[in-house]
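Colleague: One structure follows; several queries about it will come next.
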Amino acid sequence: MLTDKRILLVIGGGIAAFKSLELIRRLRERGAWVTPVLTKAGEEFVTPLSVSSLAGEKVYRDLFDLTDEAEMGHIQLSRSADLIVVAPTTADLMAKMAHGLANDLASTLLLATDTQVLAAPAMNVRMWEHSATRRNAAILRDDGVAFVGPNDGAMACGEYGLGRMSEPLEIITAIESELADGPLTGRRILVTSGPTHEPIDPVRYLANRSSGKQGSAIARALAIMGAEVIFVTGPANATRPEGVHLVEVETAAQMMDAVKSVLPVDAAIFAAAVADWCVTSPSDSKMKKDSGKIPSMTFAENPDILASVSQMGDGRPALVVGFAAETDEVVANATAKRLRKGCDWIVANDVNLETGIMGGCENAVTLISDDGLESWPRMGKDAVAQQLAARIAAALN
Ligand code: CTP
């Protein structure tokens, strides 16, 4: 599936650059064309000659190389590829990418491109865990950059932990999934996920048990099928899906604003467990116990995001899918909820604590639509997500 795909491979300056030589060989074996770009620091680890020999193509190194500009300007170079792979992505390259620096050929290409970028980070574990790198990774994910790795293990610097670059075959798998021409290619899909937190004071909030696992799995499954996914999530524990536009929010009101700002979309999947109420006037400072007095609070109803998107006129997504987390009369309540909110489908599940579904890894859902009810057997949340994504693809095509 990589035959005749064009990969622009940016090789950063890290010891893991030696693995990029094997990556080039493996890509060539699979029929891909590799245009290599070597940073100055990268040249300290692998030679331009070995890179160009393996790639069978000229290696690009310098922004100010006028011959290159005459042959192929950096803008064209950045856009002629099907995918840009940055391997290794050093902490320095990540910082440049996250902040839009363009002071050498690699960073300029990455800023000028409108092609999907896949980053394979490689750095010392402390550098990977540093809050600056965490922030940069979050910015890049938000910008739609996909990541593969880093892996856990022993490092060249003698330390042990997260920071090793993924192995060439793992990077190939990630490249294949980025390039997969799926049934949802060209579709823009919104997924909400996770709980919302409604502040009581600076340290306390109202929340629920949602882990965000089902929403993350749905976003991942849709992205793998080629959709452009906008993933709006509350503060969930679940691993963020790769290859999606990530929007992190805290409250229901923020989720509503985020959803409005990303419309229009072809489909909207509302998997978030949005809090129904917020505290009307959260305290600015921590509420103190006051000699046995019980505090009183007033609540206001949060905006119903699913209902407002389902009921919008112009610009309504072609398909709106809600979730119904119920503890009693699951199907009857979910059926009524679908009609009340006006969504096309509702995915009902039983969230009684003994089912282990809320926060767990499995789900047992009933899909309710104009066509009636369909109960799916209990299965992993990833499997539910894949099945639902396949249904969404069929409905949109
Ligand atoms: N939902 C939403 N905005 C809200 C509340 C819910 O978008 N303020 C969405 C959820 O993402 C889900 C669906 O509505 O897709 C149903 O959520 P649920 O909590 O089951 O329903 P509620 O409307 O809150 O009804 P109730 O709590 O009374 O069962």
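Colleague: Would you be able to tell me the number of residues in region 125-147 that are under 27 Å from Tyr60 (Cα atoms) and either charged (D, E, K, R) or free of Cβ contacts under 8 Å to residues at least 40 places away in the same chain (or both)?
Modeller: 2
Colleague: Anything in region 212-249 that is over 10 Å from the mean Cα position of the chain (by Cα) and within 14 Å of the ligand (Cβ to nearest atom)? List them, or say none.
Modeller: Hits for region 212-249 are Gly212, Gln214, Gly215, Ile218, Thr233, Gly234, Ala236, Val249.
Colleague: So, restricting to helices (runs of 4 or more DSSP H) that lie completely within region 1-97, which ones have at least 1 residues that are within 26 Å of Met123 (Cβ to Cβ)?
Modeller: Hits in region 1-97: 17-29, 48-55, 74-79.
Colleague: Could you please give the count of residues in region 274-285 that are among the hydroxyl-bearing types (Ser, Thr, Tyr) and either surrounded by 10 or more Cβ atoms within 10 Å (Cβ to Cβ) or near the ligand (Cβ under 9 Å from one of its atoms) (or both)?
Modeller: Residues flagged as among the hydroxyl-bearing types (Ser, Thr, Tyr) and either surrounded by 10 or more Cβ atoms within 10 Å (Cβ to Cβ) or near the ligand (Cβ under 9 Å from one of its atoms) (or both) within region 274-285 amount to 1.
Colleague: Could you please give the count of residues in region 286-312 that are assigned to a loop (DSSP other than H, G, I, E, B), more than 8 Å from the ligand (Cβ to nearest atom) and either under 14 Å from Ala252 (Cα atoms) or modelled with pLDDT under 95 (or both)?
Modeller: Residues meeting the conditions: 10.
Colleague: Residues that are touching a Pro at 6+ places or on another chain (Cβ under 7 Å) and in a helix (DSSP H, G or I): does region 241-254 have at least one?
Modeller: Checking region 241-254: at least one residue is touching a Pro at 6+ places or on another chain (Cβ under 7 Å) and in a helix (DSSP H, G or I).
Colleague: Say we look at region 50-64 and pick out the residues that are surrounded by 18 or more Cβ atoms within 10 Å (Cβ to Cβ) and not hydroxyl-bearing (Ser, Thr, Tyr); which of these is nearest to Leu110 (Cα to Cα)?
Modeller: Out of the qualifying residues, it is Arg61.
Colleague: Further question on the same structure: Of these, Ala332, Ala393, Ala389, which one is loosely packed, with under 15 Cβ neighbours inside 10 Å, in a helix (DSSP H, G or I) and at pLDDT 95 or above?
Modeller: Ala332
Colleague: When only residues in region 338-386 that are in a loop (DSSP other than H, G, I, E, B) and of a type in the set (A, V, I, L, M, F, W, C) count, which is nearest to Glu326 (Cα to Cα)?
Modeller: Filtering region 338-386 for residues that are in a loop (DSSP other than H, G, I, E, B) and of a type in the set (A, V, I, L, M, F, W, C), the one nearest to Glu326 (Cα to Cα) comes out as Val351.
Colleague: Hey, another quick one. Can you tell me how many residues in region 360-386 are out of contact with any Asp or Glu (no Cβ under 6 Å at 6 or more places or on another chain), buried (at least 17 other Cβ atoms within 10 Å of the Cβ) and not small (Gly, Ala, Ser)?
Modeller: Of the residues in that region, 8 qualify.
Colleague: Given the condition of a type outside the set (A, V, I, L, M, F, W, C), touching a Pro at 6+ places or on another chain (Cβ under 9 Å) and either modelled with pLDDT under 95 or surrounded by fewer than 21 Cβ atoms within 10 Å (Cβ to Cβ) (or both), answer yes or no: does some residue in region 30-38 qualify?
Modeller: The answer is no; no qualifying residue exists.
Colleague: What residue, of Ala271, Ala348, is more than 8 Å from the ligand (Cβ to nearest atom) and within 19 Å of Val384 (Cα to Cα)?
Modeller: Every option except Ala348 fails the conditions.
Colleague: Kindly check whether there is at least one residue in region 181-194 that is part of a loop (DSSP other than H, G, I, E, B), touching a strand residue (DSSP E or B) at 6+ places or on another chain (Cβ under 8 Å) and within 16 Å of the ligand (Cβ to nearest atom).
Modeller: Among the residues of region 181-194, at least one is part of a loop (DSSP other than H, G, I, E, B), touching a strand residue (DSSP E or B) at 6+ places or on another chain (Cβ under 8 Å) and within 16 Å of the ligand (Cβ to nearest atom), which makes the answer yes.
Colleague: Then there is this: State all residues of region 205-229 that are in a helix (DSSP H, G or I), farther than 18 Å from Arg188 by Cβ and not aliphatic (A, V, I, L, M); if no residue qualifies, say none.
Modeller: Lys213, Gln214, Ser216
Colleague: State which residue pairs qualify: first residue without any contact (Cβ under 8 Å) to a residue 12 or more places away in the chain and inside region 281-309, second residue near the ligand (Cβ under 8 Å from one of its atoms) in any location, beta carbons under 7 Å apart, and separation of 6 or more residues or different chains.
Modeller: none
Colleague: Right, here's the next one. Can you find, within region 313-327, the residue that is surrounded by the fewest Cβ atoms within 10 Å (Cβ to Cβ) among those that are modelled with pLDDT under 95 and within 16 Å of the ligand (Cβ to nearest atom)?
Modeller: Filtering first and then ranking leaves Thr327.
Colleague: Looking at Asp266, is it over 26 Å from Tyr205 (Cβ atoms), more than 9 Å from the ligand (Cβ to nearest atom) and within 25 Å of the chain's Cα centre (by Cα)?
Modeller: So Asp266 passes the test.
The values are calculated or read from the model by the stated rules, or taken from the named source; none is laboratory data. Given the structure is predicted, the values throughout are model-derived calculations rather than measurements. Using ideal geometry, Cβ is built from the backbone for each residue, glycine included, and neighbour counts are taken over all protein chains shown.
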